[in-house]
Amino acid sequence: MAQTAGDFLASLEPAECAIASRFMVGRALPQGEEKRLQVSGRAVWRIAASLIGNATDSDTLGEDIFAAAADFGEAIELVLKLRPIEPPPELTLTEVYDGLAAISQIVGRNSRRAKLDALRALFERASSLEGKYLAKILIGEMRHGMSEGLMLEAIARMADRPVAEVRRMHMLEGDLGRVVGALRAPKAPA
């Protein structure tokens, strides 16, 4: 798994690589910024249910869907498949990250409503499969086996560096994306 993830990371542009390294372990934003997002699983559920016109009946809808789903992300995917029109899968890593970062910056009076409106706009554009993984990232539960430790091995593979070196960098930095950024930064001419 680390090999496949490392090859994938190496295929991305540096900015996308940092985002992907976080997303694959269920982190929406850089370490230390996640708390400002303030989006609960219940809010995600209500947004998804409202996209099919069942915002007021989301609890009844949930019982049937959760019985058929393996996890929260799959439940969101099943709900989004009930929309009359399926959006094409066109969201990029950068668009999702920028949307989540913008949501985390919303503060002040009526910020909760503004955050939910911005998140709804993101889910409206997401295909069912994109919505599944967006939900998983938001609640921090990817459930696909990619732990931080495996991601550090993937980053080491991507950068062709010893795993111990990448682990030390992460221990000092604390954020996978910033580690990737440091390893993918252009080298200064000698």
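The values are calculated or read from the model by the stated rules, or taken from the named source; none is laboratory data. Source: prediction; values computed, not measured. We place every Cβ from the backbone using ideal geometry, glycine too, and count neighbours over all the protein chains shown. These accessible areas exclude ligands, DNA and RNA; they are computed on the full protein's heavy atoms, side chains included. Shrake-Rupley method; radii C 1.70, N 1.55, O 1.52, S 1.80 Å.
Gly26 meets each of the listed conditions (1) at pLDDT 90 or above; (2) in a loop (DSSP other than H, G, I, E, B); (3) within 21 Å of Arg184 (Cβ to Cβ) apart from (3). Any idea which residue in the stretch 57-97 is farthest from Ile137 (Cα to Cα), counting only those that are of a type in the set (Asp, Glu) and within 18 Å of the chain's Cα centre (by Cα)? So, considering only residues that are of a type in the set (Asp, Glu) and within 18 Å of the chain's Cα centre (by Cα), the one farthest from Ile137 (Cα to Cα) is Glu90.
Just one of the numbered conditions (1) in a helix (DSSP H, G or I); (2) open to solvent by 50 Å² or more (accessible area, probe 1.4 Å); (3) acidic (Asp, Glu) is not true of Glu86: (1). Of all the criteria given as (1) at positive phi; (2) over 14 Å from the mean Cα position of the chain (by Cα), the one not satisfied by Val179 is (1). Close Cβ contacts (under 6 Å, 6 or more residues apart or on different chains) running from residues in the stretch 153-173 that are closer than 15 Å to Gly6 by Cα to residues that are open to solvent by 60 Å² or more (accessible area, probe 1.4 Å) and of a type outside the set (S, T, N, Q) comprise Val163/Glu153. For the structure I just gave you, tell me whether Glu141 is on the phi < 0 side of the Ramachandran plot, open to solvent by 20 Å² or more (accessible area, probe 1.4 Å) and part of a helix (DSSP H, G or I). Taking the combined requirement at face value, the residue does not satisfy it.
Considering the conditions (1) open to solvent by 30 Å² or more (accessible area, probe 1.4 Å); (2) under 21 Å from the mean Cα position of the chain (by Cα); (3) modelled with pLDDT of 95 or more; (4) not charged (D, E, K, R), Leu134 is excluded by exactly one of them, (1). For the stretch 65-83, indicate whether the set of residues that are buried (at least 20 other Cβ atoms within 10 Å of the Cβ), charged (D, E, K, R), in a helix (DSSP H, G or I) and out of contact with any strand residue (DSSP E or B) (no Cβ under 9 Å at 6 or more places or on another chain) is non-empty. So far as the stretch 65-83 goes, yes, one or more of its residues are buried (at least 20 other Cβ atoms within 10 Å of the Cβ), charged (D, E, K, R), in a helix (DSSP H, G or I) and out of contact with any strand residue (DSSP E or B) (no Cβ under 9 Å at 6 or more places or on another chain). Being open to solvent by 40 Å² or more (accessible area, probe 1.4 Å) and closer than 14 Å to Gly26 by Cβ is the filter here, so list the residues in the stretch 144-190 that pass it. Hits for the stretch 144-190 are His144, Gly145, Ser147, Glu148, Leu150. Considering only residues in the stretch 93-112 that are part of a loop (DSSP other than H, G, I, E, B) and open to solvent by less than 60 Å² (accessible area, probe 1.4 Å), the one that is nearest to Glu13 (Cα to Cα) turns out to be Ile106. Could you check the stretch 5-42 and list, in sequence order, the residues that are in contact with a Ser or Thr (Cβ under 7 Å, 6 or more places away or on another chain) and open to solvent by 60 Å² or more (accessible area, probe 1.4 Å)? Result: Ala15, Arg36.
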